[in-house]
Amino acid sequence: MALHHQHSNEHHDHDHDPAAETDASAMAELLDLDAEVLEPYLSEVTGWLQELAAGPPRRRILDLGSGTGAGTLALVRRFEEAEVTALDISPHLLHRLGDKARDLGVADRVRTVQADLDAEWPALDAVDLVWASASLHHMADPDRVLTQVFAALRPGGLLAVAEMDSFPRFLPDDLGLGRPGLEARCHAALGEEHTARVPHLGSDWGARLTEAGFGIEAERTFAIELTPPLPAPAGRYAQVSLRRLRTGLASRLDADDLATLDTLIDGEGPDSLLRRDDLTVRHTRTIWVAQRP
Ligand SMILES: C[S@@+](CC[C@H](N)C(=O)[O-])C[C@H]1O[C@@H](n2cnc3c(N)ncnc32)[C@H](O)[C@@H]1O
């Protein structure tokens with residue numbers, strides 16, 4: 001298993017694989033934009049979590065599948081006495097997270113650990129709070145990971161699982177570019193893709209948490225709806241999101257829909273997502289907060 005504590009100049013993970021490096025950079029950009037555009041949601045969720053976690057100080061927090069640190073950095077802000085360990089399989093994403101923590105002056109409270117949770121659970125001290133946002137559905141065996149989280153938490157410790165109900169939506173039904181309903185067709189195709197490739201997405205996480213021995217403290221769905229005028233990075237967020245979706249659905253969409261997506265994703269054209277004023281950001285995420293008895 002690849003497990004090590006990172007230092008910023010130790011990364012050579014994609015030196016010999018340009019495609020992997022490009023993919024990791026694209027993922028990092030998407031996660032950073034997601035954090036930036038959905039910052040009000042993250043702030044609300046972590047504020048709510050702070051209320052639920054009232055009582056003994058939560059000094060040790062673990063962010064599972066941290067990506068570039070949207071959750072890690074929000075938790076560092078909310079839990080001022082805590083050290084947050086960010087754990088991810090991707091050295092590239094952790095490297096970016098480390099840079100951001102340094103820029104924000106919180107590097108002394110953020111530790112990054114590279115580990116593949118499908119392979120082996122790293123040796124960590126007992127933790128008070130675990131955050132797993134949009135990560136558990138990626139695991140080959142999330143129930144095994146939940147059992148390991150249970151063991152890693154001290155009694156009374158909390159686990160917050162945040163999962164998205166679907167990919168964010170950005171487009172009006174009629175784009176004025178031919179057939180209406182492009183985004184609905186993309187989401188239908190994405191549903192088929194997820195059924196085939198990401199079977200744990202959309203699981204009943206409450207039931208899985210109970211099965212792992214946790215008591216459910218709270219469950220809440222956050223509906224995110226941003227309407228024009230959107231924050232500045234929203235067009236770029238839509239562009240990067242739809243580019244990823246287009247790549248993943250190339251074999252499931254017809255040529256007309258792929259051509260329309262290309263027109264939208266194109267940064268230069270008059271119909272580019274970066275120029276449109278009719279975009280919205282619509283998204284729901286559900287959070288389960290569970291306690292180790
Ligand atoms: C959709 S991203 C979510 C990132 C972050 N939690 C957020 O909300 O912005 C999923 C993350 O899970 C990580 N991941 C996927 N499989 C993993 C595994 N087996 N072990 C550790 N991390 C994993 C990915 O590298 C990625 O950073």
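Rule-based calculations on the coordinates, nothing more; no lab input. Model, not experiment: these values are computed from the prediction. Neighbour counts are summed over all protein chains in view; Cβ atoms, including those assigned to glycine, are modelled from backbone coordinates with ideal geometry.
Computed values, structure above
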item	result
Gyration tensor (alpha-carbon) shape descriptor, the stretch 192-252, a/c threshold 1.5	oblate
I224 long-range amide H proximity, modeled H, under 5 Å	H283, T284, R285
Phi-based couplings in Hz for the stretch 89-102 (Karplus 6.51, -1.76, 1.60; Gly and Pro marked x)	6, 9, x, 4, 5, 5, 4, 4, 4, x, 5, 5, 4, 5
The chain: angle of helix 234-248 to the longest principal axis, Cα-based, in degrees nearest 10	90
The chain: calculated mean residue ellipticity at 222 nm from DSSP helix runs of at least 4, using -39500 (n - 2.57)	-12500 deg cm²/dmol
For the stretch 65-78, 3J(HN,Hα) per residue [Karplus equation, 6.51 cos²θ - 1.76 cosθ + 1.60, θ = phi - 60°, Hz, x = Gly/Pro]	x, 5, x, 8, x, 3, x, 3, 6, 5, 6, 4, 5, 6
Long-range HN-HN contacts of V127 with modeled amide H, under 5 Å	L153, R154
Cβ-based net charge around P172, under 15 Å, with every Lys or Arg adding one and every Asp or Glu removing one	-1
Burial order of peptide ranges 30-41, 273-284, 83-94 (average beta-carbon count within 10 Å, highest first)	83-94, 30-41, 273-284
Environment charge at G202 (Cβ cut-off 10 Å; Lys +1, Arg +1, Asp -1, Glu -1)	-3
Under-5 Å amide H pairs with S133, H placed in peptide plane, nonlocal only	L64, A162
Value of relative contact order over the chain, rounded to a whole percent, pairs C-alpha under 8 Å and six or more apart	21
Most to least packed among 128-136, 20-28 [average Cβ atoms within 10 Å]	128-136, 20-28
Shape of the stretch 59-124, Cα gyration tensor, a/c cut at 1.5	oblate
Overall form of the stretch 227-293 per C-alpha gyration tensor (a/c, 1.5; a/b vs b/c)	oblate
